[in-house]
Amino acid sequence: MDLTLTPKHRALREEVDAFIAAHRDAAPRPGGGRKRPDRKALDWQALLLKHGYFARTIPREYGGFGAPHDVIELAIIADAFSRAGISPGIHNQGISMLVPTLLEVGTEEQKRRWIGPTIRGETIWCQGYSEPGSGSDLAAAQTRAAVEDGHFVINGQKIWTSSAHFADMMFLLCRTEPDKSKHAGLSYLLLPMSAPGIEVRPLRTMTGRAEFNETFFTDVRVPVDQIVMGRGDGWHVANVTLKYERMLLGDPNKLQQRLEATRRMMEQPGADGARLLDRAEWRDRLLRLQGEVIAARNHNMRLLTETAEGVDSGLGRFIVKYHGTMLAHRLASLALDVMGSTGLLYEPQGEVAEDDPATTWQIDYMYDIGLIIGGGSSNIQKNIIGERGLGLPREPKAAVPAGRN
Amino acid sequence: MRFGLTEDQGLFGRSLRGFLADRLPLDALRRLAETGTGFDAELWRGLGELGLHGLLVPEEHGGAGLGMLDAALAAEALGYHAAPAPFAAALVMAVQAFRSAGDAEQQRQWLPRIAAGQARIGLGFAGLAGQTGRAALRLEGGRLSGALDGLMDGGEATHFLAYLADGRAALIEAGAPGVTATLRRSVDRTRALVDLDLAGAAPVALLQSSNDPLAAARRVRDAGRVMLAADTLGAAQNMLDRAVAYANERVQFGRVIGSFQGVKYMCADMATMLEPCRAMVWYAAYAQDAVPEEAAMVASHAKAHLAEVGREVARLATEVHGGMGFTDLLGLHHQFKRITFDRQALGGPERCRHDAAVAQGWVAA
Ligand SMILES: Cc1cc2nc3c(=O)[nH]c(=O)nc-3n(C[C@H](O)[C@H](O)[C@H](O)COP(=O)(O)OP(=O)(O)OC[C@H]3O[C@@H](n4cnc5c(N)ncnc54)[C@H](O)[C@@H]3O)c2cc1C
């Protein structure tokens, strides 16, 4: 354990703080991963990339900043942005899930082609995993891709496809080897959403907006080289992506941003002139959450170090999604409680304009439940923690026919 | 001694639920919720025919003269079906306000109109119940000015009953000069809030006949809290019922998901949390009429406890539904948001527990 800041680290901290002070007006509101980045968000992203505050360790030839991996540097940057309540850049499924997947298992050509435009926020990706009959049981995916004259020809349906209505590309899990066993018959393809035969139908969520979709495929043709790893490797690649998705969903920097935003609200005098922070029961709720966020952030530093050293964290990593999404839910819960009856007001502005704080928190509160479900539900995480993390035996495969109990 | 509902009460709850199930299939609920006013004339008329408007109004004033337990059963049914209908404020708190602080003449004039469904009163408590937002009203020379935020049942209300900081309450007509009522759609589109701006509005009645106006106001607040607790009970029960039904149908990994211990335990946890809440709500409602020394304490506790349990059930029941629970397809979110509303209106759990401590003399107000 050595967290001493070198002069270089101290210089970086000053540099980031100065950057934020100088440019904060150019920053879009934090969040917004559920919309196509607008001009402001893209410009901000470009600025962050230029200074190495985003994609810092991604090699230059793929469009990153190319700095050597340094956990403390990353923490300094993340901390500065969350303390200031300033957007740390775009976090979407392409940037946080596909890019690390390609870095881990993509070809040189795939990395050069996709990483740059994706981290710049220009190319938006969606995730074609879930189907009406296979959510938790992801490996049961039925969407079929047959090979015909140098192309995969895709037929089937995906559901709950976030962002498909504005995405440029999809990473798709589908069945290319119907003769092989469930897990061995899958492949992971990359395809443009503009391909003929793709139909996207929006689905309204509990927030009142259509944040995700049903996606239908009718004879959609994709060149056979648009595959990550080989035919039949889809389950492996899908799980690489899920690993990063689960880290994203449990991201402690987001939790820190939430905590800070809630603290700021609690420092405002209320209708009776008193601050909630002065009331022991409220302060204690905040402090408990703060303790958990500190633990999550420290844990994250440990995981980053292990990753940099090539160690698989196992259990330490398996808990991140379940832990982080539950904590996010409790942070949003506190924020709603702090706002009280005025926090009930709800007028979402749709895709274009920014929402007011009450609406934003209500959306976050609902979306957090969605994220507890998405990316593998809490139960699925608990199964992974128990079975893969702790080595407990698998649940018995009782034969319970559908529709009876 | 008997802790339970009478046959009549059981019947009343069932018939109200049957009526609401019939009137509010998902597509109808979705359509009514679109406006966000928390009011639909036809539904309101139907509920009136079932006797809801005059439920608490004494018989001499044209009502059914029933008690708070009956009202809680109604609130529970409305919550179960997420009914866009004024109730807690318009038909319970307002009646209690007249009964506890209105003079004989005011009661004679207004209670029959409430019972007839003609006077629909939105009610604003602001600081007295721990609501957030503006709460600064002045009564000068018989005229009311200032601002009061977050009136309940305010959408399409005919009147507003605005509480002053001293516990007196002024009744004003919705369209009167000097009254600006701004409808605020809430996350629960089946119930709206209204923000009032008053510039020298002339009240049509001033409720000030209690010799302890603050205590009278607190009784009205407590009645409202019991209703919101009962509403959450109904909404949470609905979510649990649906989660159990879904767990019995949905198949993953070749099994109905209810056969996974993880899912079964979620359902069992919800039931274990929620089941005692039913008796708690019954008692809290009964106590308002029959156990004055405990009424305040249990009203606040019921509101706080149901808010905590409701939040857990809302999350767990949604989780059981997987991605489906997060969509609009099953409409599960109407009850989810009902629970959110009940928690944040009339004081959150922290405030309610504080009031429970005050009611027991543990701390000063
Ligand atoms: C906000 C949101 C965004 C999403 N975005 C995307 C996206 O972009 N792309 C995409 O492909 N998908 C997306 N999804 C879908 C998501 O991955 C699935 O909803 C999730 O995996 C659960 O699958 P399901 O909905 O079919 O639920 P089910 O699998 O039917 O699960 C229902 C319930 O059963 C439980 N359960 C199932 N199996 C077991 C078991 N073995 N043991 C114990 N409990 C079990 C689950 O925990 C859950 O509580 C999104 C979902 C949400 C809510």
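Quick notes on this structure:
- Residues satisfying the stated conditions in segment A:374-383, i.e. facing another protein chain (nearest Cβ under 8 Å) and more than 6 Å from the ligand (Cβ to nearest atom): A:378, A:382
- The strands (runs of 3 or more DSSP E) found entirely in segment A:186-244 that carry 3 or more residues being within 14 Å of chain B (Cβ to nearest Cβ) are A:198-203, A:212-223.
Conditions tested, residue by residue: (1) over 27 Å from residue A:377 (Cβ atoms); (2) among the small types (Gly, Ala, Ser); (3) surrounded by fewer than 17 Cβ atoms within 10 Å (Cβ to Cβ).
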{"position": "A:275", "(1), (2), (3)": "yes, no, yes"}
{"position": "A:285", "(1), (2), (3)": "no, no, no"}
{"position": "A:303", "(1), (2), (3)": "no, no, no"}
{"position": "A:307", "(1), (2), (3)": "no, no, yes"}
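- Residues of segment A:99-127 satisfying the condition of being within 16 Å of the ligand (Cβ to nearest atom) and either within 14 Å of another protein chain (Cβ to nearest Cβ) or closer than 18 Å to residue A:184 by Cα (or both): A:127
- In segment B:249-262, the residues that are near the ligand (Cβ under 8 Å from one of its atoms) reach residues that are of a type outside the set (A, V, I, L, M, F, W, C) and assigned to a strand (DSSP E or B) with C-beta atoms within less than 9 angstrom, at least six apart or across chains, in these pairs: B:252/A:134; B:260/B:252.
- Annotation note: Cβ proximity below 7 Å between a residue of segment B:43-66 that is charged (D, E, K, R) and a residue that is modelled with pLDDT of 95 or more (sequence gap 6+ or interchain) occurs for B:59/B:65.
- In segment A:331-373, the qualifying residues are those that are open to solvent by 30 Å² or more (accessible area, probe 1.4 Å) and within 10 Å of chain B (Cβ to nearest Cβ), and the one that is nearest to residue A:163 (Cα to Cα) is A:371.
- Filtering segment B:226-248 to residues that are in contact (Cβ under 8 Å) with a residue 12 or more places away in the chain and of a type in the set (Asp, Glu) leaves only B:231.
- Residue within segment A:128-135 that is within 12 Å of the ligand (Cβ to nearest atom), within 14 Å of chain B (Cβ to nearest Cβ) and charged (D, E, K, R) present: yes
- Residue that is of a type outside the set (Ser, Thr, Tyr), crowded, with 21+ Cβ neighbours inside 10 Å, in a loop (DSSP other than H, G, I, E, B) and away from the ligand (no atom under 16 Å from the Cβ), where the choices are B:188, B:231, B:222: B:188
- Residue count for segment B:153-179 under the criterion of being closer than 16 Å to residue B:93 by Cα, within 14 Å of chain A (Cβ to nearest Cβ) and open to solvent by 10 Å² or more (accessible area, probe 1.4 Å): the result is 2.
- Given (1) under 30 Å from residue B:124 (Cα atoms); (2) open to solvent by less than 60 Å² (accessible area, probe 1.4 Å), index of the condition residue A:380 fails: (1)
- Selection status of residue B:56, assigned to a loop (DSSP other than H, G, I, E, B), away from chain A (no Cβ under 14 Å) and closer than 30 Å to residue B:12 by Cα: yes
- Qualifying residue in segment B:342-353 (condition: away from the ligand (no atom under 16 Å from the Cβ), in contact (Cβ under 8 Å) with a residue 60 or more places away in the chain and polar (S, T, N, Q)): no
This table checks each residue for (1) small (Gly, Ala, Ser); (2) open to solvent by less than 30 Å² (accessible area, probe 1.4 Å); (3) without any contact (Cβ under 8 Å) to a residue 40 or more places away in the chain.
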position: A:136; (1), (2), (3): yes, no, no
position: A:152; (1), (2), (3): no, yes, no
position: A:157; (1), (2), (3): no, no, no
position: A:163; (1), (2), (3): yes, yes, no
position: A:167; (1), (2), (3): yes, yes, no
position: A:176; (1), (2), (3): no, yes, no
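The values are calculated or read from the model by the stated rules, or taken from the named source; none is laboratory data. Being a predicted model, the structure only gives us computed values, none of them experimental. Cβ coordinates were reconstructed from backbone atoms using ideal geometry, including for glycine residues, and neighbour counts include every protein chain displayed. Remember, those area values only see protein heavy atoms, side chains included, never the ligands or the DNA or RNA. Shrake-Rupley method; radii C 1.70, N 1.55, O 1.52, S 1.80 Å.
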